[in-house]
Amino acid sequence: MARDTRHVLHYRVHFAAIGWADRHGHASFQAGELAAVLADEDGKPLSKQSATGAVNRAKRLDLVSSQSTAACLVLTRRLFQKEKGAPVPCRAHKDRR
């Protein structure tokens, strides 16, 4: 659903967060990877500015945590509760709170 261009971008960000989340609710992306997931109907990746804007709109709507960036989307505890096992390092977020 994150790749489905019929959905508006901020919901696609939310779907990407859910689809790529680790057991702590962090969905890490390499540089430009989220922009590629959110590509337009012609397959052209979003610009860095457009990807950041989509993440910011998703944060304003509480679809992802305020900690989220294009490098790592974070789901809130009320949306994602799967924290079992040892913590997995996140290159974007060091504290994991």
Which is under 21 Å from Arg78 (Cβ atoms), in a strand (DSSP E or B) and not hydroxyl-bearing (Ser, Thr, Tyr), of Ala58, Ala27? Ala27
Check the stretch 61-77 and report whether any residue there is in a helix (DSSP H, G or I), open to solvent by less than 90 Å² (accessible area, probe 1.4 Å), closer than 14 Å to His14 by Cβ and in contact (Cβ under 8 Å) with a residue 40 or more places away in the chain. no
How many residues are assigned to a loop (DSSP other than H, G, I, E, B) and either open to solvent by 30 Å² or more (accessible area, probe 1.4 Å) or among the hydroxyl-bearing types (Ser, Thr, Tyr) (or both) when one looks only at the stretch 39-52? 8
Please go through the stretch 1-38 and give me each residue that is in contact (Cβ under 8 Å) with a residue 24 or more places away in the chain, of a type in the set (A, V, I, L, M, F, W, C) and open to solvent by 50 Å² or more (accessible area, probe 1.4 Å), ordered by number. Ile18, Trp20, Ala31
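The values are calculated or read from the model by the stated rules, or taken from the named source; none is laboratory data. All figures in this text were calculated on a predicted structure; none of them were measured in a lab. Using ideal geometry, Cβ is built from the backbone for each residue, glycine included, and neighbour counts are taken over all protein chains shown. All accessible areas refer to the heavy atoms of the entire protein, side chains included, with ligands and DNA or RNA removed. Shrake-Rupley method; radii C 1.70, N 1.55, O 1.52, S 1.80 Å.
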